[in-house]
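Trainee: Have a look at this one before I ask anything.
The values are calculated or read from the model by the stated rules, or taken from the named source; none is laboratory data. Not measured: the values here are computed from a predicted model. In this analysis, Cβ positions are derived from the backbone assuming ideal geometry, glycine residues included, and neighbour counts consider all displayed protein chains. Quick note on the areas: whole protein, heavy atoms, side chains included, nothing else; ligands and nucleic acids left out. Shrake-Rupley method; radii C 1.70, N 1.55, O 1.52, S 1.80 Å.
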Amino acid sequence: MQALQVVCRKATSDDIETLFLLIKGYAEKGIMLPRTREALAYMIDSFVVAEIGDEVVGCGSLTKLGSDLVEIRSLGMSDGYKGLGIGSKLVDALIEQAREQRTPKVMALTYAVSFFVKNGFTVVDKEIFPEKVWKDCVNCPKQLACDEIAVLKMLN
Ligand SMILES: CC(C)(COP(=O)(O)OP(=O)(O)OC[C@H]1O[C@@H](n2cnc3c(N)ncnc32)[C@H](O)[C@@H]1OP(=O)(O)O)[C@@H](O)C(=O)NCCC(=O)NCCS
């Protein structure tokens, strides 16, 4: 089979509808926080998309939580494109952005722990991220019973 040509690039406003639908699908399964189109428009610069031809097949975003800490959020692949190494490419692209911002710590809250471990992250206690609580958790339906696992990668 011919290798897929995957390009990871910064998202633009043309991607908002695709991102909205991709994230909505995972939000309905309780895997991601939902994002409105308006919120996506506001935060579009934080998103990276993976594209095959002219089809967006995955996305992820990077949010600054503090001077030395960023969080990977909204990382997801379209059905039919999982397990092809594309999610790992998106993580690489987001880590590259963290490096460009000179932010040494990259974290995520996730159920896909072995995926992140495969990409060089370590499982950590989520209590070490007090910054996180103020940003997003206040709006999360699971805030009092969060069962996601915190993972961290230190950049060098
Ligand atoms: C998690 C996700 C982004 C990974 O992207 P992907 O392109 O499928 O991943 P890759 O092909 O780069 O890597 C695959 C590896 O990750 C592991 N992996 C993939 N999804 C996983 C999951 N949900 N839980 C644990 N491990 C997972 C696989 O076991 C695989 O390991 P292997 O190569 O040793 O078999 C994708 O599966 C997805 O969209 N999942 C649903 C949304 C989600 O859970 N997002 C994470 C929220 S932070």
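Trainee: So how many residues does the stretch 113-133 have that are in contact (Cβ under 8 Å) with a residue 40 or more places away in the chain and open to solvent by 30 Å² or more (accessible area, probe 1.4 Å)?
Mentor: First pass over the stretch 113-133, keeping only residues in contact (Cβ under 8 Å) with a residue 40 or more places away in the chain: 129, 131-132.
Pick out the ones that are also open to solvent by 30 Å² or more (accessible area, probe 1.4 Å) and you get 131.
So the answer is 1.
Let's see how each residue does on (1) within 20 Å of V91 (Cβ to Cβ); (2) free of Cβ contacts under 8 Å to residues at least 12 places away in the same chain:
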position	(1), (2)
R9	yes, no
L33	yes, no
T36	no, no
A39	no, yes
Y42	no, yes
V49	yes, no
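Trainee: If I ask for residues that are in a helix (DSSP H, G or I), in contact with a helix residue (DSSP H, G or I) (Cβ under 7 Å, 6 or more places away or on another chain) and closer than 11 Å to V151 by Cβ, which ones from the stretch 82-117 would you list?
Mentor: Scanning the stretch 82-117 gives a single hit, F115.
Trainee: Looking at V49, V57 in this structure, which one is away from the ligand (no atom under 12 Å from the Cβ), open to solvent by less than 20 Å² (accessible area, probe 1.4 Å) and part of a strand (DSSP E or B)? Before you say what the answer is, go through the steps one by one.
Mentor: Details: V57 fails: away from the ligand (no atom under 12 Å from the Cβ).
None of the others qualify; the one that does is V49.
Trainee: Any idea which residue in the stretch 64-79 is least open to solvent (accessible area, probe 1.4 Å), counting only those that are more than 12 Å from the ligand (Cβ to nearest atom) and farther than 15 Å from K153 by Cβ?
Mentor: Checked the stretch 64-79; the qualifying residue least open to solvent (accessible area, probe 1.4 Å) is G66.
Trainee: Now for a different question. Could you check D136 against (1) among the charged types (D, E, K, R); (2) under 15 Å from the mean Cα position of the chain (by Cα); (3) open to solvent by 40 Å² or more (accessible area, probe 1.4 Å) and say which number it fails?
Mentor: In the conditions (1) among the charged types (D, E, K, R); (2) under 15 Å from the mean Cα position of the chain (by Cα); (3) open to solvent by 40 Å² or more (accessible area, probe 1.4 Å), D136 misses (3) alone.
Trainee: Oh, and also: Kindly indicate the residue of the stretch 118-135 that is in contact with a strand residue (DSSP E or B) (Cβ under 8 Å, 6 or more places away or on another chain) and in a helix (DSSP H, G or I) and also farthest from L19 (Cα to Cα) among those meeting that condition. Working first, answer last.
Mentor: Step one: list which residues in the stretch 118-135 are in contact with a strand residue (DSSP E or B) (Cβ under 8 Å, 6 or more places away or on another chain), which gives 119-126, 128-129, 131-132, 135.
Next cut, in a helix (DSSP H, G or I) only: 126, 128, 131-132, 135.
Working: K126: 27, I128: 30, E131: 26, K132: 23, K135: 21 Å.
Per the criteria, the residue is I128.
Trainee: Within the stretch 30-40, can you find the residues that are of a type outside the set (S, T, N, Q), at pLDDT 95 or above and either open to solvent by 50 Å² or more (accessible area, probe 1.4 Å) or part of a loop (DSSP other than H, G, I, E, B) (or both)?
Mentor: Applying the first criterion (of a type outside the set (S, T, N, Q)) to the stretch 30-40 yields 30-35, 37-40.
Next cut, at pLDDT 95 or above only: 35, 37-40.
Residues satisfying the conditions are R35, R37, E38.
Trainee: Scan the stretch 92-112 and give yes if some residue there is touching a residue at least 60 places away in the same chain (Cβ under 8 Å) and more than 15 Å from the ligand (Cβ to nearest atom), otherwise no.
Mentor: If we filter the stretch 92-112 for residues that are touching a residue at least 60 places away in the same chain (Cβ under 8 Å), which is where we start, we get 92-93, 95, 111.
With the extra rule that they be more than 15 Å from the ligand (Cβ to nearest atom), the set shrinks to none.
No; the residues of the stretch 92-112 include none that is touching a residue at least 60 places away in the same chain (Cβ under 8 Å) and more than 15 Å from the ligand (Cβ to nearest atom).
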